[in-house]
1. Of these, L260, L190, L228, which one is part of a helix (DSSP H, G or I) and either within 15 Å of the ligand (Cβ to nearest atom) or within 23 Å of Q122 (Cβ to Cβ) (or both)?
2. In region 93-135, how many residues are under 16 Å from I241 (Cβ atoms) and either basic (K, R) or away from the ligand (no atom under 16 Å from the Cβ) (or both)?
3. Could you tell me which of the residues L202, L173, L255 is over 30 Å from D45 (Cβ atoms) and either touching a helix residue (DSSP H, G or I) at 6+ places or on another chain (Cβ under 7 Å) or within 16 Å of the ligand (Cβ to nearest atom) (or both)?
4. With the condition being at pLDDT 95 or above and among the polar types (S, T, N, Q), I'd like the helices (runs of 4 or more DSSP H) fully within region 295-404 carrying at least 3 qualifying residues.
5. Of all the residues that make up region 273-282, how many are surrounded by fewer than 19 Cβ atoms within 10 Å (Cβ to Cβ) and touching a strand residue (DSSP E or B) at 6+ places or on another chain (Cβ under 6 Å)?
6. Can you pull out the strands (runs of 3 or more DSSP E) entirely within region 97-152 that have at least 3 residues that are surrounded by fewer than 19 Cβ atoms within 10 Å (Cβ to Cβ)?
7. Of the conditions (1) crowded, with 20+ Cβ neighbours inside 10 Å; (2) closer than 23 Å to F377 by Cβ, Q156 clears all except one; give me its number.
8. Select from region 216-247 the residues that are open to solvent by 30 Å² or more (accessible area, probe 1.4 Å) and aliphatic (A, V, I, L, M) and write down the one among them that is modelled with the lowest pLDDT.
Amino acid sequence: MATHQLTSLFDQPVAREHSQSLKYDGRTATFGTDDVLPMWVADMDFAVPQAISNALQTRASHPVFGYSLAPESLYQALIEWLQNTHDWQVQREWIVLTPGVVPSLNLVVAALTTEQAGVIVQPPVYFPFFSAVTNQNRRLLENPLRLTNDGDLSYQMDLDQLEECAKDAELLLLCSPHNPVGRVWHKVELHALLAIAEKHDLTILSDEIHADLVYSDAQHTPLSRLSLETESDAAASHRIITAVSPSKTFNIPGLGLSALIIPNQAHRCAIQTHLQHMGVSVTNPFNLAAFEAAYREGGEWRNALIAYLQQTRDEAIAFINQHLPAIRVIQPQATYLLWLDCRQLQLDDAALNRFFIAEAKLGLSPGAMFGRGGQGFMRMNIGTTKANVLAALTRLQAALAKRS
Ligand SMILES: Cc1ncc(COP(=O)(O)O)c(C=O)c1O
């Protein structure tokens, strides 16, 4: 299918109410009303690629849904995807399938760190990063991102402070690209990070779930590939674990299957043992079918998706800059999440949230959920039709006009 045909596919609204959708059917529980446009939890309103629907339907037509085995062809599809998309050569034995990236964060913290160990997170960050540490009775070490303003707002890692934290830490949870601020970390920053890890014997879990949703103005570098690339960093590869998943990119997060890439054999054994002890069944007939179809056949759809989201991003940012002077937006280099700086409204977090729900009738994720540095911000999910995004921004414009 030609890219323009795929693009117009993303303009088709899909009715998601009454489909057990958390984003739609969970509105009353989350916002106290269902009278909001839902732009919160990170799934998209788009129909999945036809290849995924076909694979699921084919599997559904077999009448037995027993315990399942991941076929070799699934591992090969992932290996080829990582090679073709990220120029990263992953060996088959490095791959451990897991029941989602959030479970993987918890698993890695539990399996590779000791009781009360320091684990570094860089807020504002996807909130399960915090609970993955505290759930396991480890200590949170926060290295807040720095928000710089040289005309445009942008976020940087505080590498000096990171080095201080690393002296007292066993593990760093890296979000790459970073949710919610949309940064794609530059190679220079990642080299510096690797040097700190090497110097202080730090293990890194790099959550790269958003790596396949990078806009044309940025370039994602898998941390593990970078560590294999240069001789000085090569030693670092044994300390990196990468979480990957087709779930965000191909809009199948409800199916719950992801993978950890673990070059270090001792880490791999510890993680596999821990996973076994949890007694969790990772694979099922449907998540296997969708995972393989996504990586094997989803390339063209993904390219069209990124083109569509990039147009949406650019139009949304232009709208905000032109019509919503009280709000500043951080241009994401990746992800379908817009990070809105609402601090000029001078509302505390409860009042800001109320304003969005009750006055603008929008269901966004409050920035405060993402920890330090999130106060006064809101995260807006633009993984929906462009018409929906513009309708949401128009609602916001009208609500702001009423306030002034
Ligand atoms: C950085 C990050 N990691 C993990 C997840 C969720 O992963 P999963 O649904 O596989 O647990 C998300 C979802 O938004 C995310 O943004």
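The values are calculated or read from the model by the stated rules, or taken from the named source; none is laboratory data. This structure is a prediction, so every number in the text was calculated from the model and none was measured. When we count neighbours, we look across all protein chains shown, and the Cβ atoms used for this are built from the backbone with ideal geometry, even at glycine. Surface accessibility is based on the protein's heavy atoms, side chains included, excluding ligands, DNA and RNA. Shrake-Rupley method; radii C 1.70, N 1.55, O 1.52, S 1.80 Å.
1. Values: L260 fails: part of a helix (DSSP H, G or I); L228 fails: either within 15 Å of the ligand (Cβ to nearest atom) or within 23 Å of Q122 (Cβ to Cβ) (or both).
One residue alone meets the criteria, L190.
2. Count: 6.
3. Values: L173 fails: over 30 Å from D45 (Cβ atoms); L255 fails: over 30 Å from D45 (Cβ atoms).
The match here is L202.
4. Details: elements: 299-323, 349-354, 386-403.
Counting at least 3 such residues, we get 299-323, 386-403.
5. First, pick out the residues of region 273-282 that are surrounded by fewer than 19 Cβ atoms within 10 Å (Cβ to Cβ): 273-274, 276-281.
Next, only the ones that are touching a strand residue (DSSP E or B) at 6+ places or on another chain (Cβ under 6 Å) stay: none.
Of the residues in that region, 0 qualify.
6. Values: elements: 118-121, 139-142, 146-150.
Ranges flagged: 139-142, 146-150.
7. Every listed condition holds for Q156 apart from (1).
8. Initially, region 216-247 is screened for residues open to solvent by 30 Å² or more (accessible area, probe 1.4 Å), giving 216-217, 219, 225, 228-232, 234-235, 238.
From what is left, the residues that are aliphatic (A, V, I, L, M) are 228, 234-235.
Numbers: L228: 81, A234: 62, A235: 67.
Residue satisfying both the conditions and the ranking: A234.
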